[in-house]
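Below: the structure, in structure tokens.
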Amino acid sequence: MCGIIGYIGSKPANEVIFDGLTRLEYRGYDSAGIAVVDKHKIHVRKDIGKLRNIRKLLLDEFESTSSIGIGHTRWATHGRPSAFNAHPHGDCHDSIMVAHNGIIENFMKLRRELAASGHTFKSETDSEVLAHLIEASYQGDLKQAVLQAVKSVEGAYAIAVIHKDHPDKIICARKESPLIVGLGKGENFVASDVTAILQYTRQVVYLDNFEGAEVSREGIKFFNADGNDVEKKSVQIDWNPVAAEKGGFSHFMLKEIFEQPQVIRNTIGGRTSEEEGKIYLEELKLTGPDIYRTQRIVMVACGTAYYAGCVGKYLLESLVRIPVECDLASEFRYRSPLVDANTLVIAISQSGETADTLAAVKEARKRGAKVLGIVNAKESSLTREVDGLVYIHAGPEIGVASTKAYIAMLTALTLLALMLGKIRSVLTPEYVQEKIRELKILPQQIERVLDRKDAIRDIAATCLDARSFLYLGRGFNYPTALEGALKLKEISYIHAEAYAAGEMKHGPIALIDHEMPVMAIVTESDVYDKTISNLKEVQARSGRLLAIATEGDHEITSLTEHVIEVPRVSDIFSPIINVVPLQLFAYYVADLRGLDVDQPRNLAKSVTVE
Ligand code: AGP
């Protein structure tokens, strides 16, 4: 995710900002920049690359010692990593500079309108429209211009804004993306998170949605969307810098689980048009003929990404009506796979560097297949081996056990399936419109599950001595059971096996006794009754039953020791909502067992060897 920092005080702004940006590096980025106001002139320097490689530009040879400025580290979403796409972004005359974190969903429409009224753009980004919107509204009052500008923005933003004629203030504002103000003595700060400014101040104010601030050396004036003053309380941050990187969570994995609502917003951001019932995947680069020629799809991936591919099978077969196979990349690459020009191979990878997946892609292309990559890491090796791309925009995933990247993969696969289903006339615009609406409320439904974390931890506490677990799911949620079992295995070191619930009677039922906890995903679906029958088989053998069930399901409580409820969603979204309690369950079992959740033994974040 992008990082923002703003400084106004008595020190050289670029030095304070550069230092702050280095503390935001853990968020991941591909370019960076700094802009300052100096004698009614803006000085801006930005480039692609890591801060250590552009230190000369931003620090050693920076041509101003001005004490007011803004800085940014960019994790590319719209527009490839490059110097001209790096932030801060200026208006037509570089009188205004903006650093932005978030996604402007309606930026194409805004860009067209601004260009039609004479604005000239220098980048491919969504963020640059903000600078031009402020320019179009500016009549001498920078705060009013920013307030007016953000009114036409749909999506998420945290912004810091400077103007060449206002050397005494930084204006900031936020909606969805986090933003804080740091209070110093004769100096004040704006930042994406406290990590950037802890070495200067521990007194911060968290802005709420649709709030902003006018930040000067003398103090800060907070305001709401109408520009009226609001009172804000500051808080004292007592985290150490490492804890601050985790946003106050005890592990990166837990922080990333809680980031998932925002991740879904980022993954869908700028890619859906509800009124048209259309999906836009700008890097897909598959032509109509490519899509019509496709007679079969093969998913190749490893680990969690493979399980995302298994969900993708159910999504694509259900919404696009094309046969889909899922293959472990390590198997696919050695099996002289039967693929050809009529096969679309979809390679899924968070890192884009997994050796088996890269090899599978090369094998597929050698045999004439079109390859689509579903990837998180920008400019990773996989992105250079494929014909088309769908970036998942999960932001950097630090925890070795994948959580938010998995949810982002599922979201991207859902967008892809809706898009292909519409193109192949399997889906109506009305159906796609309805699913876009449902997708947009999914983040707050996940927040309801996250609110149940304490109850989930209490359930986890009853399972710490289990020797082995059985996870059961059907249909869309058979892969959910697979992913839930992997999460438990890889961080708690308790053996866990996942089975299609209907398959249990063909052998695994012999394992069932009161020692064996069974985690069943049995939310509302057209296979609900069948799954209940399977659970009755477990109950009849004194198995310990835990269940993920739909809110208000009273039948399930008579069968189970514990139930974790999730909001009712359409079947196609159930893998997204149902995996969240399983992630939290695995996290708490591991944490309560005192294990290293973020760096489990024997595991690497990216398996770049065979
Ligand atoms: C997931 O929790 C694991 N860390 C692992 O299975 C991972 O999903 C797998 O190695 C694939 O990684 P990739 O998505 O970066 O290709």
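With angles folded into 0 to 90 degrees, how steeply does helix 13-22 sit against the dominant principal axis of the chain? Use alpha carbons for both and round to 10.
Helix 13-22 sits roughly 10 degrees off the main axis of the chain.
For region 142-255, what % of the accessible area comes from carbon and sulfur atoms, probe 1.4 Å?
Its accessible area is 49 percent carbon and sulfur atoms.
Give me the dipole magnitude in Debye, nearest 20, for region 340-449 about the Cα centre, with unit charges on the beta carbon: positive for Lys and Arg, negative for Asp and Glu.
Here region 340-449 has a charge dipole of around 220 debye.
Taking the chain as the reference, fit the longest principal axis to its C-alpha atoms, fit the long axis of helix 429-450 to the helix C-alpha atoms, and give the angle between the two in degrees, 0 to 90, nearest 10.
90
How many Å² of accessible area per residue for region 51-120, probe 1.4 Å?
Normalised by residue count, the accessible surface of region 51-120 is 40 Å².
Using +1 on the beta carbon of Lys and Arg, -1 on that of Asp and Glu, and nothing else charged, what's the dipole of the chain about the Cα centre, debye to 20?
The dipole of the chain has a size of about 1040 debye.
Using θ = phi - 60° and the Karplus relation 6.51 cos²θ - 1.76 cosθ + 1.60, list the HN-Hα couplings for region 315-328 in order, rounded to whole Hz, with x at every Gly or Pro.
After applying 6.51 cos²θ - 1.76 cosθ + 1.60, I find 5, 6, 5, 6, 9, 10, 6, 10, x, 10, 10, 10, 10, 5 Hz.
With everything on Cα atoms, drop me the angle between helix 478-492 and the longest principal axis of the chain, reported from 0 to 90° to the nearest 10.
Compared with the principal axis, the helix lies near 70 degrees.
Net charge around Thr22, counting only other residues with Cβ within less than 13 Å of its Cβ (Lys, Arg = +1; Asp, Glu = -1)?
My count for the surroundings of Thr22 gives +1.
Based on the mean of other Cβ atoms within 10 Å per residue, sort peptides 154-161, 50-57, 215-222, 405-412 so the most packed one is first.
Top of the packing list down: 405-412, 154-161, 215-222, 50-57.
Counting Lys and Arg as +1 and Asp and Glu as -1, what is the net charge of the other residues whose Cβ lies under 14 Å from the Cβ of Leu59?
Every neighbour counted, the sum reads +1.
What order do you get for 27-35, 555-563, 382-390, 15-23 when each peptide is scored by the mean count of other beta carbon atoms within 10 Å, highest first?
Those peptides, ordered most packed to least, come out 27-35, 15-23, 382-390, 555-563.
Could you work out the local net charge near Ser192, counting Lys and Arg as +1, Asp and Glu as -1, over the other residues with Cβ closer than 11 Å to its Cβ?
+2
Given H placed on each backbone N at 1.01 Å, which residues far from Arg568 in sequence or on other chains put an amide H within less than 5 Å of it?
So Arg568 has HN proximity to Glu551.
Carbon-plus-sulfur fraction of the accessible area of region 256-325, 1.4 Å probe, in percent?
Here carbon and sulfur together make up 53 percent of the probe-accessible area.
Between region 141-161 and region 501-519, how many Å separate their Cα centres?
Taking the Cα centre of region 501-519 as reference, the centre of region 141-161 is 56 Å away.
Exceeding 24 Å between C-alpha atoms, which entries from my cross-link table qualify? They are Lys175/Lys255; Lys11/Lys246; Lys41/Lys232; Lys46/Lys169; Lys453/Lys505; Lys285/Lys366.
Beyond 24 Å: Lys11/Lys246; Lys41/Lys232; Lys453/Lys505.
Within region 327-397, what whole-number % of the accessible surface is contributed by carbon and sulfur, with the 1.4 Å probe and all protein chains included in the calculation?
Whole-percent figure for carbon plus sulfur exposure: 46.
Please work out whether the chain counts as rounded, prolate or oblate from its C-alpha gyration tensor, where a ≥ b ≥ c are the square roots of the eigenvalues and a/c under 1.5 means rounded, while otherwise a/b larger than b/c means prolate and anything else oblate?
It comes out prolate by the Cα gyration axes.
Taking amide hydrogens as modeled 1.01 Å from N in the peptide plane, which residues meet the under 5 Å criterion relative to Val298, leaving out close sequence neighbours?
Glu325, Leu344, Val345, Ile346
Ignoring ligands, DNA and RNA, what accessible area per residue does region 269-335 give at 1.4 Å, in Å²?
43
Going by amide H atoms built from the backbone, whose H comes under 5 Å of the H on Lys175, apart from near neighbours?
Tyr157, Ala158, Phe210
Just from its helices, what would the mean residue ellipticity at 222 nm be for the chain, if runs of 4 or more DSSP H residues each count -39500 (n - 2.57) and the sum is divided by every residue, rounded to the nearest 500 deg cm²/dmol?
Rounded to the nearest 500, it is -10000 deg cm²/dmol.
Once the dipole of region 362-501 is set up with Lys and Arg at +1 and Asp and Glu at -1 on Cβ about the Cα centre, which of Ser468, Leu442, Thr414 lies farthest towards its positive end?
Of the options given, the answer is Thr414.
What accessible area per residue comes out for region 337-465, rounded to a whole number of Å², with a 1.4 Å probe?
Here the residues of region 337-465 average 32 Å² of exposed surface.
How far is the Cα center of region 430-477 from the Cα center of region 44-104, in Å?
Using only Cα atoms, the two centres lie 39 Å from each other.
The values are calculated or read from the model by the stated rules, or taken from the named source; none is laboratory data. What you are looking at is a predicted structure, and each value in this text was computed from that prediction instead of being measured. Using ideal geometry, Cβ is built from the backbone for each residue, glycine included, and neighbour counts are taken over all protein chains shown. Quick note on the areas: whole protein, heavy atoms, side chains included, nothing else; ligands and nucleic acids left out. Shrake-Rupley method; radii C 1.70, N 1.55, O 1.52, S 1.80 Å.
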